[in-house]
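Since the structure comes first, as structure tokens, the remarks are kept for the end.
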Amino acid sequence: MEYSPVLAMATAAFEIVVAGWALAMRGEPGARGVLQTTSAILLLLAGYQIAEVAICADVAAAGFLPRLAFIIVTWLPPLGLVLIAQLRQPRSTSLVATASAMLAAAAGIVVWIAVDRSFASASVCTAVYARYSHAMPGFRIYAWFYWIGLAAMVVASGYGMATCTDSHRRRQLRFVLIGTLAFVVPGLTLSWVVPPARGALPSILCHLALLLAICLAWLIRLEAKVCKTASGTAATQAG
């Protein structure tokens with residue numbers, strides 16, 4: 001079946017609009033950090049969708065684009081952990097250290113992908129997803145990094161939600177947990193139940209991450225309510 005870019009572009013448009021909404025919002029310094037990190041995650045998700053459309057427009061001439069797609073998604077688990085660390089109240093030094101370590105590892109992996117021409121190449125685009133070919137066993141290192149990052153997001157958001165002392169941040173952590181599980185669990189299930197999907201798991205995960213983007217939109221909506229309340233209170237006090 002011929003690849004259709006409609007789903008990818010519609011998803012990217014949604015993610016960009018929500019990211020723009022978050023960036024335009026004003027709030028306290030702590031809130032701005034949460035909004036900026038959330039926006040970065042959404043823009044990276046959109047960036048993958050756009051890269052995939054460009055790849056599948058002409059697979060034979062994709063060149064660096066498949067590696068660019070993986071460079072984009074490399075940052076998603078570390079930034080997810082950064083977001084969780086920003087939401088966690090009280091602040092967890094161990095979580096901040098874990099997020100920092102993942103960011104450092106991501107930077108190293110990005111350099112590796114950029115210089116290793118054999119890391120990824122597009123093999124075929126079908127319907128709404130793309131399959132990639134990778135050099136083994138090196139790609140297993142990347143896979144371990146990525147899945148450890150996603151597992152850490154699930155554990156950290158779940159534990160943070162259970163121990164967070166701020167009810168507002170606890171609700172936001174719940175959306176991070178739900179959003180992460182909402183695309184990881186179906187993605188893994190599809191890779192087991194539908195054998196052809198195994199080679200397309202990175203693409204399928206990024207499409208299913210629309211569910212994460214929706215949850216992040218709700219997170220931003222919660223932040224908008226708090227910002228609006230804070231602004232109203234400040235205006236009342238000033239008056």
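The values are calculated or read from the model by the stated rules, or taken from the named source; none is laboratory data. Since this is a predicted model, take the numbers as computed values, not measurements. With ideal geometry, Cβ positions are generated from the backbone for all residues, glycine too; neighbour counts draw on all protein chains shown.
All of Ile16, Ile55 fail the test of being surrounded by 21 or more Cβ atoms within 10 Å (Cβ to Cβ) and either of a type in the set (Val, Ile, Thr) or farther than 21 Å from Leu222 by Cα (or both), apart from Ile55. Look at Ser157 and say whether it is more than 30 Å from Ala57 (Cβ to Cβ) and in contact (Cβ under 8 Å) with a residue 12 or more places away in the chain. Yes: the conditions hold for Ser157.
Out of curiosity, is Ala22 farther than 28 Å from Phe145 by Cα, over 13 Å from the mean Cα position of the chain (by Cα) and crowded, with 21+ Cβ neighbours inside 10 Å? It is true that Ala22 is farther than 28 Å from Phe145 by Cα, over 13 Å from the mean Cα position of the chain (by Cα) and crowded, with 21+ Cβ neighbours inside 10 Å. Against the condition in contact with a Phe, Trp or Tyr (Cβ under 6 Å, 6 or more places away or on another chain), in a helix (DSSP H, G or I), within 17 Å of His207 (Cβ to Cβ) and at pLDDT 90 or above, how does Ile72 come out, does it pass? Taking the combined requirement at face value, the residue satisfies it.
Taken as a whole, segment 133-142 holds no residue that is in contact with a Ser or Thr (Cβ under 7 Å, 6 or more places away or on another chain), modelled with pLDDT under 95 and either of a type in the set (Asp, Glu) or surrounded by 20 or more Cβ atoms within 10 Å (Cβ to Cβ) (or both). The requirement of being crowded, with 20+ Cβ neighbours inside 10 Å and either free of Cβ contacts under 8 Å to residues at least 60 places away in the same chain or closer than 22 Å to His134 by Cβ (or both) is satisfied by Ser203. Count of segment 95-119 residues, restricted to those that are among the polar types (S, T, N, Q) and at pLDDT 95 or above, is 2. For Ala24, the requirement of being free of Cβ contacts under 8 Å to residues at least 40 places away in the same chain and closer than 30 Å to Gln86 by Cα is met.
A quick yes/no check of all residues on (1) outside any helix (DSSP H, G or I); (2) touching a His at 6+ places or on another chain (Cβ under 9 Å); (3) of a type outside the set (Gly, Ala, Ser); (4) modelled with pLDDT of 95 or more:
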residue: Arg32; (1), (2), (3), (4): no, no, yes, no
residue: Thr37; (1), (2), (3), (4): no, no, yes, yes
residue: Ala40; (1), (2), (3), (4): no, no, no, yes
residue: Leu43; (1), (2), (3), (4): no, no, yes, yes
residue: Gly47; (1), (2), (3), (4): no, no, no, yes
residue: Ala51; (1), (2), (3), (4): no, no, no, no
residue: Ile55; (1), (2), (3), (4): no, no, yes, no
residue: Gly63; (1), (2), (3), (4): yes, no, no, no
residue: Pro66; (1), (2), (3), (4): no, no, yes, no
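Residues in segment 69-97 that are among the hydroxyl-bearing types (Ser, Thr, Tyr) and under 12 Å from the mean Cα position of the chain (by Cα): Thr74 alone. Looking across segment 39-68, the residues that are under 21 Å from Val82 (Cα atoms) and either small (Gly, Ala, Ser) or touching a residue at least 40 places away in the same chain (Cβ under 8 Å) (or both) come down to Ser39, Ala40, Ile41, Leu42, Leu45, Ala46, Gly47, Tyr48.
Looking across Leu76, Leu65, Leu103, one residue alone is of a type outside the set (Val, Ile, Thr), closer than 21 Å to Arg140 by Cα, touching a helix residue (DSSP H, G or I) at 6+ places or on another chain (Cβ under 7 Å) and surrounded by fewer than 17 Cβ atoms within 10 Å (Cβ to Cβ). It is Leu103.
When the residues of segment 160-181 are filtered to those that are of a type in the set (D, E, K, R) and either at pLDDT 95 or above or assigned to a helix (DSSP H, G or I) (or both), which remaining residue is surrounded by the fewest Cβ atoms within 10 Å (Cβ to Cβ)?
So, considering only residues that are of a type in the set (D, E, K, R) and either at pLDDT 95 or above or assigned to a helix (DSSP H, G or I) (or both), the one surrounded by the fewest Cβ atoms within 10 Å (Cβ to Cβ) is Arg171.
Can you spot a residue in segment 12-29 that is within 23 Å of Ser100 (Cα to Cα) and either of a type in the set (Val, Ile, Thr) or out of contact with any helix residue (DSSP H, G or I) (no Cβ under 8 Å at 6 or more places or on another chain) (or both)? Looking for residues that are within 23 Å of Ser100 (Cα to Cα) and either of a type in the set (Val, Ile, Thr) or out of contact with any helix residue (DSSP H, G or I) (no Cβ under 8 Å at 6 or more places or on another chain) (or both), one finds at least one in segment 12-29, hence yes.
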